[in-house]
1. Let me cross-check residue 325: its accessible surface, 1.4 Å probe, with only protein heavy atoms counted, in Å² to the nearest 10?
2. Using Cα-Cα distances under 8 Å and only pairs 6 or more residues apart, what relative contact order does the chain have, in percent?
3. Would you kindly calculate the mean projected area, averaged across all directions, of the convex hull enclosing the Cα atoms of the range 107-190, in square nanometres?
4. Hey, any idea what % of the range 110-182's accessible area is carbon plus sulfur with a 1.4 Å probe?
5. Quick check: residue separation of residue 422 and residue 87 times 0.36 nm, minus the Cα distance between them. What number comes out in nm?
6. If I ignore ligands, DNA and RNA and count only protein heavy atoms, how much of residue 230 is accessible to a 1.4 Å probe, in Å² to the nearest 10?
7. Need the C-alpha centroid separation for the range 294-355 versus the range 207-267, integer Å.
8. Along the Cα-to-C-beta direction of residue 17, a point sits 7 Å from the Cα; which residues of the range 39-72 have their amide N less than 18 Å from that point?
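The values are calculated or read from the model by the stated rules, or taken from the named source; none is laboratory data. Predicted, not measured: the structure shown is a model, and the values here were computed from it. A quick note on method: Cβ atoms are made from the backbone with ideal geometry, for glycine too, and the neighbour counts reach across all protein chains shown. Surface areas here come from the heavy atoms of the whole protein model, side chains and all, with no ligands, DNA or RNA. Shrake-Rupley method; radii C 1.70, N 1.55, O 1.52, S 1.80 Å.
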Amino acid sequence: MDVFGIEGPVRLSGSVTINGSKNATLPIMAAAILAAGKSVLSAVPHLSDISVCGQLLGRLGCKLSRGSNGNLCIDSTVIDNPVGEYEIVRRMRAGICILGPLLARCERAEVSMPGGCAIGDRPINIHIRGLRELGAKIHLKNGYIIAEASKGLKGKDIFMGGPFGSTVLGTANVLMAATLAKGKTIIESAACEPEIADLANCLNKMGAKITGIGSPRLTVEGVRELRPAEHRVIPDRIEAGTFMVAAAITAGKLHLHNCRLDDMMAVVDKLRNVGVTIDAAGDGCVVTRTGPIKPGDITTQPYPGFPTDLQAQFMALLSLAEGNSIIIEKVFPDRFMHVAELNRMAANLRKEGPTVIVAGVKKLIAAPVMASDLRASAALVLAGLAAEGTTAVSRVYHIDRGYEKIEERLNPVGAKITRESD
Ligand code: EPU
């Protein structure tokens with residue numbers, strides 16, 4: 001297992017290009033199941049989660065290859081084993097989003113029930129409810145979800161809201177299944193995340209008839225079949241937000257290319273409120289901090305609210321604010337594995353249920369810390385850039401799930417990060 005050594009404090013300065021979105025790519029890869037033939041995706045990041053998703057599709061019968069230009073080709077001509085195996089789904093929960101497309105294409109699917117997760121309980125009851133509404137018969141056997149639709153799926157009005165709002169991958173699953181269902185489906189309380197809009201746009205290129213894209217009400221006119229398409233994945237707004245915080249926490253200046261500010265208004269607004277300057281520039285923006293970090297309150301919410309996937313990174317930033325901040329996690333109320341680790345670096349954080357009170361400190365101090373999940377690990381890297389001394393972050397594989405060679409992208413702009421095998 002790799003360990004990062006992060007020497008700080010540093011001031012970042014220069015340009016970074018944001019990669020394609022992991023969370024847009026994963027359901028779009030699953031969408032390739034819906035149309036027999038070769039789909040081609042560009043701007044697909046080189047991440048371990050993407051490789052795991054590739055393995056999952058490979059076991060179904062798909063053939064995957066990366067072209068010399070980096071494009072990912074998925075040939076789904078043959079799908080003869082509609083099974084999402086435990087060995088793969090347990091490594092990547094997003095594997096659940098093959099359930100809807102498999103059911104639509106093969107009229108049958110067996111997908112391992114995802115297990116526990118470091119960011120909290122992650123039920124899939126709404127996915128199941130939505131697919132049942134479309135006519136699927138679903139039961140659980142030996143840890144697998146067994147879904148059947150021998151008479152095909154049938155469009156329906158479906159409400160997809162849950163106790164924490166909409167569900168991103170639940171919406172993806174039901175949306176993909178509905179494209180090939182007979183008749184019209186309305187998905188009410190659909191997730192509005194840009195990654196779902198990207199999926200819907202890709203599905204429309206494949207011949208689906210989806211309207212209301214980007215809104216909480218998606219209307220799908222079922223079609224008889226879809227055809228493979230070529231699609232460029234949207235930039236990763238969470239990676240962009242992480243690099244914005246990197247500029248902010250180091251009092252630096254970063255020009256981010258391939259970054260859509262329109263997808264990040266809640267994040268941009270929060271950064272501006274705490275004293276960070278963000279100016280649109282070309283295909284991205286310039287992020288600068290010259291003055292102190294002001295305290296700020298954050299409540300995570302489904303899109304267009306502040307994303308849970310940036311909560312940990314903002315906690316690292318606000319740890320150094322001149323005053324007290326409050327962070328409330330409303331999407332995954334237990335997503336606070338980073339709190340104890342940041343406190344090891346001399347942050348002053350107090351957790352009260354789904355809330356963390358952040359008392360700003362003058363400086364962070366390097367310490368050995370452990371990555372526990374993807375975004376918590378990103379927060380530790382950010383804290384390490386600003387902390388005095390050399391921070392050792394172990395279990396770097398968590399970071400590699402969602403950030404492509406983060407050290408090779410931060411070092412050219414002033415970071416001092418080394419990667420070593422444990
Ligand atoms: N929920 C239910 N029932 C369900 C599904 C979800 O109660 O059937 C609850 C969850 O427990 C949670 C809330 O609804 O409280 C939202 O969960 P959601 O289903 O939207 O999460 P997800 O689709 O499993 C995706 C991202 C996550 C991101 C969340 C929220 C992918 C591959 N994953 O997960 O990304 O945090 O949406 O925005 O798109 C990450 O990239 O680090 C990551 C964890």
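1. 0
2. Details: 1069 pairs, mean separation 89.8, N = 422.
Rounded, it is 21 percent for the chain.
3. Numbers: hull surface 21.7 nm².
Dividing the Cα hull surface by four gives the mean projection, 5.4 nm².
4. Working: 1850 of 3400 Å².
In the range 110-182, the share of accessible area belonging to carbon and sulfur is 54 percent.
5. 118.2 nm
6. Here the residue's solvent-accessible area equals roughly 140 Å².
7. 23
8. Hits in the range 39-72 for residue 17 at 18 Å: 41-47, 67-72.
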